[in-house]
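Everything on this sheet refers to the single structure shown next.
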Amino acid sequence: MSLIDTFNGALTLNQRVFTEMRDAPDGVRRGFLIILMVGLLVGAIQSASTLISVTDPERVVQEVMLGYRQSLELQQETASTPQEREVVRLLQESEDEIAQMVRDIITIPTALPRPVALVLRALGQTVSTPLTYLSGMLLAVTFTHLAARQLGGQGGIRAMVAVGSLSVAPHALDALTFIPVLNLPLLIIAWVWGLIILVSGTAVVHRLGSGKATLAVLLYPSLLIVLGILLGCVLGLLFVALAASV
């Protein structure tokens, strides 16, 4: 089965592809190749978009100042005291100075000629993207594998890594997140789609039902979220207690 067929099969939740990847001696290598393909595609397109925007300093300034104005508008709506409203007014009057400061920062001389520095930066972003996807996948697969074994799963870690690699396939959509209006929707779609693939792959590797496979994928992340909330509450109570004692 070709790499493209495996990629398409992952996106369509083809159980035959999951089974073939689970049993293939070179499944891990093929899974890593899919991550490499997706990562380089996303990294190259996002790097090109960044390169285009950075080579137009005025466009960067306009984008920064748009965010600055939106932030001030929000602060103006929530300002409840004369002092807060005065601070917002002063910040609004300083808009030209802020814009000039952004221009100065963008045009700061670099050790390398600017075109060379920009190209090297784009190359670094392109190369690092597959590594980002790989590290995220390995972390998710490790937690999922541990949970699946605790729930009665029978699969091995090699098969889990091979099939888990397929969950990166939907993140090819990340290549289009440079379009502002599509950024958040595409990120959510890719994340949910990848999660569904990981659940399906876990069910195949560990021979679990869909319910247990879903629990295996969500168990440790859910526990980490709960622990984070509890820790935040404890730290908040400690802060309140310290403030009260002072």
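Just so you know, all these numbers are worked out from the coordinates, no wet-lab data involved. Quick caveat: nothing in here was measured; it's all calculated off a predicted structure. Backbone-built Cβ (ideal geometry, glycine too); neighbour counts: all protein chains shown.
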Contact list, first residue from region 176-201 and farther than 24 Å from Leu166 by Cβ, second anywhere and part of a helix (DSSP H, G or I), beta-carbon distance below 7 Å, six or more apart or interchain, is Phe178/Gln46; Phe178/Ser49
Filtering region 177-210 for residues that are farther than 23 Å from Pro221 by Cα and surrounded by 15 or more Cβ atoms within 10 Å (Cβ to Cβ) leaves a count of 2
